[in-house]
Amino acid sequence: MDLSLIIPLFNEAESLPELKSWIDSALKDFSYEILLVDDGSTDDSWKVIQELAAKDPNTVKGIRFRRNYGKSAALYEGFAAAQGDIVVTMDADLQDSPEEIPEMVRMIREEGYDLVSGWKKHRKDNALTKNLPSKLYNWTARKVTGIKLHDMNCGLKAYRAEVVKNIEVYGEMHRYIPYLAKNAGFTKIGEKPVHHQKRKYGYSKFGMNRFVNGFLDLMSLWFLSRFGRKPMHFFGTSGILMFLVGFVMTVCIVVNKLVHQAQGVKFRPVTDQPLFYLALLAVVLGVMLFLAGFVGEMIARSSTERNQYQIKERI
């Protein structure tokens, strides 16, 4: 099978028949399956999926969650069920065009990309609530991940099957699948400008809180990729530096007191100086950070996944 199209959805009953027809028209030259993952919809989405599957049982497959778990969970289940050589993800709201897929597939097959991400170069969303925050989010993501994508969170992406079989998407990490792929060793990541359309039915299911959550998730991924297997390198280094700062400050305060005392000059008691308490705080924080690194190192070394690595091939 050439392609597996994974389409997470939540309350998109109106758009599904039109999306199915659009996909059939755009992918006539491919063999493909369509995996519709219903993320706990409260409308007639599952009923529509059943009708589409009854009409075309060889192409349409459905997965239904008992409740809403989020896009990452839907993609995780879709990735596990996908059987195609190339896996394509797209949204169900008709804003992603299936006509972009053949070129993305060509980039993977002929140019050797592991992953091709769409770039909504000319967005049709509200500039204040979507465009500007999206530009800031993507700028931050580029700086932190080192991946030069203009639109890391675009729902339209194509992957080699081995990519999605070797990454784990959880929480709200669907925003950073290219970064997950890079950390798994799939470094040839490309980008294709895609046509973006206005939403035709319903309303967006994502609020402004996704930008705050997205930034926190990005920091979590960055930390895990850099220090997940060696937490002492972060906490231990930070703790030692903090302890040394506090220790040096304390020594300076005590020496200053002794010098003034020896010279018979009036001096402030050590405990009356705010700097002493800052020094004490730095020492305590340093010890706590070091101990946190030590505990983290013990947890990392006892993990069952500590020696699991991505092996590309053997001879």
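Observations on the model:
- Two-site FRET efficiency, Tyr69 against Lys47, from Cβ-Cβ distance with R₀ of 25 Å, rounded to 0.05: 0.80
- Placing a label point 7 Å from the Cα of Ile253 along the Cα-to-Cβ line, the residues of the range 275-298 whose backbone N sits under 20 Å from it are 275-289.
- The string of couplings for the range 255-264 from the Karplus curve (6.51, -1.76, 1.60, θ = phi - 60°) is 4, 4, 5, 5, 5, 5, 5, 5, 8, x Hz, one whole number per residue in order, with x for Gly and Pro.
- A dipole drawn for the range 144-263 from +1 and -1 charges on Cβ atoms has a positive end, and of Gly214, Gly171, Gly155 the residue lying farthest that way is Gly155.
- In nm, spacing of pseudo-spin labels at Glu111 and Val284 (7 Å Cα→C-beta vector): 5.7 nm
- In plain terms, the bigger the Kirkwood radius, the slower the diffusion; for the chain, with that radius from Cα pairs, at 25 °C and 0.890 mPa s, Stokes-Einstein puts D at 108 µm²/s.
- Here His122 and Leu216 are evaluated by their C-beta separation; at R0 = 22 Å the FRET efficiency comes out at 0.15.
- Each residue of the range 116-122 was assigned a 3J(HN,Hα) from its phi angle through the Karplus expression (A = 6.51, B = -1.76, C = 1.60, θ = phi - 60°), giving 10, 9, x, 10, 6, 5, 10 Hz with x at Gly and Pro.
- Taking the range 13-46 and a reference point 7 angstrom along Cα→Cβ of His195, the backbone N atoms nearer than 18 Å belong to 18-29.
- Antiparallel DSSP beta bridges within the chain, percent to nearest 5: 30 percent
- Residues whose amide H lies under 5 Å from that of Val194, counting only those 5 or more places away or on a different chain, are Trp119, Lys120, Lys121; hydrogens are built 1.01 Å from N in the peptide plane.
- Structural descriptor for the chain: relative contact order 17 percent, calculated from alpha carbon pairs under 8 angstrom and at least 6 residues apart.
- Degrees separating the helix 209-227 axis from the principal Cα axis of the chain, which is the longest one: 70 degrees
- HN-Hα J in Hz across the range 43-59 - Karplus 6.51, -1.76, 1.60, θ = phi - 60°, x for Gly and Pro: 9, 8, 4, 5, 4, 5, 4, 4, 5, 5, 5, 5, 6, 9, x, 7, 10
- Relative intensity, log₁₀ I(q)/I(0), of the range 1-150 from a Debye sum that treats every alpha carbon as a point, q = 0.13, 0.15, 0.21 Å⁻¹: -0.66, -0.87, -1.42
- Point-to-point label distance, Lys143-Leu244, nm (Cα→Cβ direction, 7 Å offset): 2.7 nm
- Applying 0.36 nm per residue to the separation of Leu224 and Tyr277 and subtracting their alpha-carbon distance, the gain on full extension is 15.8 nm.
None of the figures in this text is laboratory data; all of them are computed from the coordinates on show. Given the structure is predicted, the values throughout are model-derived calculations rather than measurements. Note that we place each Cβ from the backbone using ideal geometry, even for glycine, and neighbour counts take in every protein chain shown.
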